[in-house]
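Chemist: So that we are looking at the same thing, I have put the structure below in structure tokens.
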């Protein structure tokens with residue numbers, strides 16, 4: 001990952017804040033802004049979504065979040081992958 005596309009702790013904290021407030025739309029908007037800024041999808045999945053899922057797991061394990069709150073994760077890597085696969089398919093044929 002290049003330095004200009006680094007997802008830093010502030011971005012992760014903002015994303016987790018959206019998830020903590022069950023603000024799925026805000027979490028999606030934040031990730032879409034990263035994508036629009038040129039951050040590769042793989043970086044978003046690995047450095048934002050996966051790290052957030054680890055934190056959700058830690059919160060569940062320590063009792064900070066209930067299982068009901070963390071299952072399913074608000075925006076799982078699978079849902080992100082599907083979203084961006086569709087987006088990439090549209091982009092490839094010039095319809096996005």
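Chemist: Find how much the distance from residue 13 to residue 32 grows on full extension, using 0.36 nm per residue of separation minus their present alpha carbon separation; answer in nm with one decimal.
Modeler: Going from the current span to full extension adds 5.2 nm.
Chemist: Which distance in nm do the two modelled labels at residue 23 and residue 61 give, with both placed 7 Å along the Cα-to-Cβ direction?
Modeler: The modelled label-to-label distance comes out at 2.8 nm.
Bear in mind these aren't lab numbers, they're just calculated from the coordinates by the rules spelled out. Predicted model, so just to flag it, every value in this text is computed and none were measured. Heads up, the Cβs are rebuilt from the backbone with ideal geometry, glycines too, and the neighbour counts pull from every protein chain shown.
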